[in-house]
Amino acid sequence: MTHIDFHTNIPDKFLYTCRLVRKARAAKNQIVIFTSSANDLAKLDQMLWTFSEHDFLPHVKAEDPAAIQTPIILTDNNTVELPHHQVLINLSGTTPTHFARFERMFEIVSLDETDKKDSRDRYRFYQQRGYPLTHFVANNA
């Protein structure tokens, strides 16, 4: 059963995701990142290449022929076939259709009130279905 971690109170979802991906890759995890739009996907793509001079985070879009052999997959398509089912990072603000195929999912929730409200709905959705949940509140002090 998918273990779901909610990370809330995040001031910059993209920068936070880059750091989370770096940590997950250090543990040899394969990762899928689901965004809500092509613009968010492009922004994240650029940030993964540039956020750290010392880390190489190889990634491609899900539709790329190299996706099967690339450890980090980016997508904004909720129905695309994915080659990895280890870690899913959800930035979309919606419940991913195939989240239950993953061993673990991270829900990244910003400071935005709409994002917070939507995340509460998703939390209840997962909770009602018996998924193991963890909640981490970022300290922005």
Output for region 6-23, where each listed residue is open to solvent by 10 Å² or more (accessible area, probe 1.4 Å) and within 11 Å of the chain's Cα centre (by Cα): HIS7, LYS13, PHE14, TYR16, LEU20
Of the residues in region 30-47, those that are open to solvent by less than 40 Å² (accessible area, probe 1.4 Å) and within 13 Å of the chain's Cα centre (by Cα) come to ILE31, VAL32, ILE33, PHE34, THR35, LEU41, LEU44
When you check LYS61 against the structure, is it free of Cβ contacts under 8 Å to residues at least 60 places away in the same chain, over 22 Å from PHE136 (Cβ atoms) and open to solvent by 30 Å² or more (accessible area, probe 1.4 Å), yes or no? yes
So which strands (runs of 3 or more DSSP E) stay within region 1-63 end to end and still have 3 or more residues that are within 18 Å of THR94 (Cα to Cα)? 3-10, 31-34
Taking interchain pairs and intrachain pairs at least six residues apart, which have beta carbon atoms under 7 angstrom, with the first residue in region 110-123 and on the phi < 0 side of the Ramachandran plot and the second loosely packed, with under 13 Cβ neighbours inside 10 Å? LEU111/PRO11
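Would you confirm whether or not region 73-81 contains a residue that is out of contact with any helix residue (DSSP H, G or I) (no Cβ under 6 Å at 6 or more places or on another chain), under 18 Å from MET1 (Cα atoms), surrounded by 17 or more Cβ atoms within 10 Å (Cβ to Cβ) and modelled with pLDDT of 95 or more?
Narrowing region 73-81 to residues out of contact with any helix residue (DSSP H, G or I) (no Cβ under 6 Å at 6 or more places or on another chain): 75, 77-81.
Subsequent filtering for residues that are under 18 Å from MET1 (Cα atoms) retains none.
Within region 73-81, not a single residue is out of contact with any helix residue (DSSP H, G or I) (no Cβ under 6 Å at 6 or more places or on another chain), under 18 Å from MET1 (Cα atoms), surrounded by 17 or more Cβ atoms within 10 Å (Cβ to Cβ) and modelled with pLDDT of 95 or more.
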Which of the strands (runs of 3 or more DSSP E) found entirely inside region 87-141 contain at least 2 residues meeting this: open to solvent by 50 Å² or more (accessible area, probe 1.4 Å) and touching a strand residue (DSSP E or B) at 6+ places or on another chain (Cβ under 9 Å)? 133-137
Quick one: what pairs do we get from region 5-16, first residue under 13 Å from LEU111 (Cα atoms), second in a loop (DSSP other than H, G, I, E, B) and open to solvent by less than 50 Å² (accessible area, probe 1.4 Å), C-beta under 6 Å, 6+ apart or different chains? ASN9/ALA138; ILE10/ALA138; LYS13/LEU91
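The values are calculated or read from the model by the stated rules, or taken from the named source; none is laboratory data. Keep in mind that this is a model prediction, so the values were computed, not measured. Methodologically, a virtual Cβ is constructed for each residue, glycine included, from the backbone with ideal geometry; neighbour enumeration extends over all protein chains shown. The accessibility values were calculated without ligands, DNA or RNA, using every heavy atom of the protein model including side chains. Shrake-Rupley method; radii C 1.70, N 1.55, O 1.52, S 1.80 Å.
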